[in-house]
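Okay, so here's the structure we're looking at.
The values are calculated or read from the model by the stated rules, or taken from the named source; none is laboratory data. All values derive from a computational prediction rather than experimental measurement. Here the Cβ positions follow ideal geometry from the backbone for every residue, glycine too, while neighbour counts run over all protein chains shown.
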Amino acid sequence: MTFKAKELLKGKFWIVEEGNQRVGVLSQTEDNLVYSCHDGTKFFKNTKAFRNSLGGDINWVSPEVSTVSVESEIYGYPTSTTPYNSMYDIKRKLPLFTKSNKSKSLYCAGYYVICFEKGWVKSFCPKLLTVERYTSHGPFKTEIEMRQELSRVNKK
């Protein structure tokens, strides 16, 4: 029997799967590995003890590399293209830019979560118009921060 541990937070948090089924969650504390599954919560001193309790091998899988490529950044927030006409909206606390020198369309640098009619979605460098029109949270400097916020708002 082979299990797969998909890393969500580097060295801290994994989703454990058997086949294509999620069977538990593994997290690293200062002293122990904590495994939560349908049987309850179990504590282990090391990965060897955890593997022995599962009764099978574990494939440790690194997080998937984001398909979003970061070209540049403004005010510490990543952008999807080379930014032109960068500015910071102090009132709304948004780093803004255009995608060309002559463009009038403003984009928000960074990662956001935006609530559309069907629910919350993640967004990288959305148009300012979208952020103004819909309820949104952001900007976030990293994709992990954005994913944590998305998880938080989806729980409500």
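Brief remarks on what is shown
- Contacts under 8 angstrom Cβ, first residue in region 140-156 being free of Cβ contacts under 8 Å to residues at least 24 places away in the same chain, partner surrounded by fewer than 16 Cβ atoms within 10 Å (Cβ to Cβ), 6 or more apart: none
- Among the residues of region 49-63, at least one is within 25 Å of E145 (Cβ to Cβ), among the β-branched types (V, I, T) and touching a residue at least 24 places away in the same chain (Cβ under 8 Å).
- The set of residues in region 127-145 being acidic (D, E) and either at pLDDT 95 or above or not assigned by TED's automatic domain parsing to the domain that holds K99 (or both) consists of E132 alone.
- Checking each residue of region 45-68 against the condition of being touching a Gly at 6+ places or on another chain (Cβ under 8 Å) and modelled with pLDDT of 90 or more gives no match.
- Within region 1-40, tally of residues that are exposed (fewer than 11 other Cβ atoms within 10 Å of the Cβ), over 21 Å from Q148 (Cβ atoms) and not charged (D, E, K, R): 6
- Test result for S151, among the small types (G, A, S) and either surrounded by 16 or more Cβ atoms within 10 Å (Cβ to Cβ) or closer than 27 Å to F13 by Cβ (or both): yes
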